[in-house]
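One structure below.
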Amino acid sequence: MSLTISRAIVNAILEQSRAEYPDECCGVILGPAGSNSPVRLKPMVNAAHSPTFYEFDPKDLLALYREVDDRDEEIVVIYHSHTETEAYPSRTDIAYAGEPGAHYVLVSTRKEIAPATEFRSYRIIDGVVTEESVDITD
Amino acid sequence: MSIEVRIPTILRPYTKDQKTVSAEGATLSAVISHLDSQYAGIGERLLENGSLRRFINVYINDEDVRFLGGLEAPVKAGDSVTILPAVAGG
């Protein structure tokens, strides 16, 4: 299992996470249905506006799924940032993970590792977290 | 005429992989009961202690049921009910 993703999208997510610090940032990457290919970055508003929680606004969530259906796309990646902890799914992340087909990407911008960052990807299915490799393409 | 219910991926194992199913009922609560009678177990994934689970979003047409009276929200023939898992975490 692995996630293949372009450097431009990785950089855009890291920029978003810095811009929204100290709150967690979040979003999705969409791709053609069935492709497992993350090509269209769609940053979402963190309705919780919190450094320790993120949530898509329910209205935005419905609009997102409608858009995905209308465009014959799929949600390939669901991402969010951790601002003070490592890029590993928290207990809350695992409890909420509701898209068994998605790659769950976490980035960390915690100070201890600055200016480095972490960008890691997982599958979260029935409460089981499996990390996968990330192949970044230029 | 019945009510169309859109099922998210994570609950499709209950509906034999069907993305859309139909149900009947005059309230959301009745629709969920009817769904559960056709697809055993799905009700428990939506409800906890008699309320909608925190991490499940339900919409009637375009409106979040939290603003329509929750489980008591009225539903009529031809309405579309959409169930979506919250995208959230810590």
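What follows is calculated from the coordinates using simple rules that are stated; it is not laboratory data. On a predicted model such as this, the values are computed, not experimentally measured, just so you know. Backbone-built Cβ (ideal geometry, glycine too); neighbour counts: all protein chains shown.
Just going by the charge dipole of the stretch B:3-85, with Lys and Arg at +1 and Asp and Glu at -1 on Cβ, which of B:L35, B:T15, B:I83 is farthest out on the positive end?
Farthest towards the positive end: B:T15.
Among DSSP beta bridges whose residues both lie in chain A, state the antiparallel percentage, nearest 5. Could you put the intermediate results ahead of the total?
Values: 23 of 34 bridges.
The antiparallel fraction comes to roughly 70 percent.
Grab the other residues whose beta carbon is less than 14 angstrom from that of A:I75, score K and R as +1, D and E as -1, and report the net.
Neighbour charge sum, excluding A:I75 itself: -3.
Once the convex hull of the alpha carbons of the stretch A:23-65 is built, what does its volume come to per residue, in cubic angstrom?
72
Counting alpha carbon pairs within less than 8 Å and at least 6 residues apart, what relative contact order, in whole percent, applies to chain A?
Numbers: 273 pairs, mean separation 37.6, N = 138.
Worked out over chain A, it gives 27 percent.
Could you pull out the GluC sites (Glu not before Pro) across the stretch A:55-138 that fall in loop regions by DSSP (anything but H, G, I, E, B) with no more than 14 other Cβ atoms inside 10 Å?
A:E84, A:E86
What order, most packed first, do the peptides B:73-80, A:103-110, B:8-15 have when packing is the mean number of other Cβ atoms within 10 Å of each residue?
Final packing ranking: A:103-110, B:8-15, B:73-80.
Placing unit charges on C-beta atoms (Lys and Arg positive, Asp and Glu negative, everything else neutral), compute the dipole magnitude of the stretch B:3-85 about its Cα centre in debye, rounded to 20.
Dipole about the Cα centre, nearest 20: 260 debye.
Net charge near B:T15, counting Lys/Arg +1 and Asp/Glu -1 over other residues with Cβ under 13 Å of its Cβ?
+2
Given a Förster distance of 30 angstrom, what is the FRET efficiency for A:D138 paired with A:E86, based on the Cβ-Cβ distance and rounded to 0.05?
Calculated value: 0.70.
Would you mind giving the mean number of other chain beta-carbons within 10 Å of the Cβ of each residue in A:94-103, as a whole number?
Going residue by residue through A:94-103 and averaging, the value is 5.
Report the relative contact order of chain B, percent, no decimals, based on alpha-carbon pairs under 8 angstrom and at least 6 residues apart.
Reported as a whole number, the value is 37 percent.
Tell me the net charge near A:T92. Cut-off is 13 Å between Cβ atoms, A:T92 excluded, with +1 for each Lys or Arg and -1 for each Asp or Glu.
Counting the neighbours of A:T92, the net charge comes to -1.
With charges set only on the Cβ (+1 for Lys and Arg, -1 for Asp and Glu), what does the dipole of the protein assembly as shown come to about its Cα centre, in debye to the nearest 20?
For this selection, approximately 140 debye.
Specify whether the C-alpha gyration tensor of chain B places it in the rounded, prolate or oblate class, a ≥ b ≥ c being the square roots of the eigenvalues: rounded for a/c under 1.5, otherwise prolate if a/b is larger than b/c and oblate if not. Display every interim value, and only then the final one.
Working: a/c = 1.39, a/b = 1.08, b/c = 1.29.
Note, shape of chain B comes out rounded.
Give me the base-10 log of I(q)/I(0) for the protein assembly as shown at each q in 0.11, 0.17 Å⁻¹, Debye formula, one uniform scatterer per Cα, rounded to two decimals.
So the normalised log intensities work out to -0.57, -1.21.
Could you tell me the center-to-center distance, by alpha carbons, between the stretch A:24-59 and the stretch B:50-87 in angstrom?
Their Cα centres are 21 Å away from one another.
Report, in debye and to the nearest 20, how large the dipole of the stretch A:38-138 comes out about its Cα centre when Lys and Arg carry +1 and Asp and Glu carry -1 on their Cβ.
Dipole magnitude for the stretch A:38-138 comes out near 300 debye.
In terms of Cα to Cα distance under 21 Å, which lysines are near enough to A:K42, apart from those fewer than 8 places away along the same chain?
Answer for A:K42, where 21 Å is the Cα cut-off: A:K59, listed by chain and number.
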